[in-house]
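Peer 1: Before anything else, here's the structure in question.
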Amino acid sequence: MSDIVSICVFCGSSEGNDAKFVDEALVLGEKLAQQNITLVYGAAKIGVMGKVAEGALMHKGKVIGVIPEFLKVKEVVHLGLTELITTTNMHERKMKMQNISDGFIILPGGFGTLEELFEIITWAQLGLHQKPIGLLNVNGFYNHLLQLLENMVRNGFLKTENYELLLVADTTDDLLKKMRKFEPMSVPKWLESDNV
Ligand code: AMP
């Protein structure tokens, strides 16, 4: 895997009700800054999102926020970022975040976070990008989701090799190590002969 220069983080616009979610977001921001990795994220100053940015900025990291015009209300948008990119809609925003990032990390969150995770992993499954996707399983938050994915594999809806596109770790250090070691599949699995 080539060097990781920037990582896009998807996570909650709420803080959740376990202090560990916020703590881990701050740690992730700090580690990205220390490893000279630019943080790309949804530009909000609220929720877990805001904490990742705070962690990175506190340690002199570079932070790029990407936000659609309609979400850019003064109470929500972080005005202290290194760079703020405004898009016309959510689709353009996610395309931009994908284009300028070398990998993706998912922290705890709600519908928006899951939508972002599943879009980016579906694009990987289709071979549209070959970037590492890491799930930070803070305090077992995603255990039930992982069980659901295993159930999809057992029931023949998800191939094991596509399930394995999702790198999972309990700590930021382990996750970043896995992401740096990630070797993308050379051929998208759906193009293999058993499927055509
Ligand atoms: P959720 O997990 O439902 O809280 O949604 C979080 C995700 O949706 C983030 O990764 C953002 O990309 C996006 N999002 C939701 N609310 C906002 C907001 N107020 N400002 C910026 N992005 C948001």
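The values are calculated or read from the model by the stated rules, or taken from the named source; none is laboratory data. Computed from a predicted structure; not experimentally measured. Cβ placement follows ideal geometry from the backbone for every residue including glycine, while neighbour counts extend to all protein chains displayed. Quick note on the areas: whole protein, heavy atoms, side chains included, nothing else; ligands and nucleic acids left out. Shrake-Rupley method; radii C 1.70, N 1.55, O 1.52, S 1.80 Å.
Peer 1: Can you tell me which residues in the stretch 31-40 are touching a Cys at 6+ places or on another chain (Cβ under 9 Å) and in contact (Cβ under 8 Å) with a residue 40 or more places away in the chain? If you could, list the steps in order and put the result at the bottom.
Peer 2: Taking the stretch 31-40 first, the residues touching a Cys at 6+ places or on another chain (Cβ under 9 Å) are 39-40.
Listed by number, the list holds a single entry, V40.
Peer 1: Separate question: If you go through the stretch 124-160 one residue at a time, how many are farther than 30 Å from K20 by Cα, of a type in the set (G, A, S) and surrounded by fewer than 15 Cβ atoms within 10 Å (Cβ to Cβ)?
Peer 2: Number satisfying all stated conditions: 1.
Peer 1: Tell me the residue from L39, L28, L32 that is touching a Ser or Thr at 6+ places or on another chain (Cβ under 7 Å), open to solvent by less than 50 Å² (accessible area, probe 1.4 Å) and of a type in the set (A, V, I, L, M, F, W, C), please.
Peer 2: On the way: L39 fails: touching a Ser or Thr at 6+ places or on another chain (Cβ under 7 Å); L32 fails: touching a Ser or Thr at 6+ places or on another chain (Cβ under 7 Å).
Criteria check complete, one pass: L28.
Peer 1: So which residues in the stretch 48-66 are open to solvent by 10 Å² or more (accessible area, probe 1.4 Å) and within 9 Å of the ligand (Cβ to nearest atom)? Before the answer, list the steps.
Peer 2: Filtering the stretch 48-66 down to residues open to solvent by 10 Å² or more (accessible area, probe 1.4 Å) leaves 49, 51, 54, 57-62, 64.
M49, the sole residue that qualifies.
Peer 1: Here's another thing I want to ask about it. How many residues does the stretch 7-39 contain that are touching a strand residue (DSSP E or B) at 6+ places or on another chain (Cβ under 9 Å) and assigned to a loop (DSSP other than H, G, I, E, B)? Write out each step before concluding.
Peer 2: Start the filter on the stretch 7-39 by keeping residues that are touching a strand residue (DSSP E or B) at 6+ places or on another chain (Cβ under 9 Å), which leaves 7-11, 13, 24-25, 28-29, 32-33, 37-39.
Going one step further and asking which of them are assigned to a loop (DSSP other than H, G, I, E, B), we end up with 11, 13, 37.
Result for the stretch 7-39: 3.
Peer 1: Within the stretch 71-81, work out how many residues are more than 10 Å from the ligand (Cβ to nearest atom) and open to solvent by 30 Å² or more (accessible area, probe 1.4 Å).
Peer 2: The initial filter retains those residues of the stretch 71-81 that are more than 10 Å from the ligand (Cβ to nearest atom), namely 74, 79-81.
Cutting the leftovers down to open to solvent by 30 Å² or more (accessible area, probe 1.4 Å) gives us 74, 79-80.
The number of residues fulfilling the criteria is 3.
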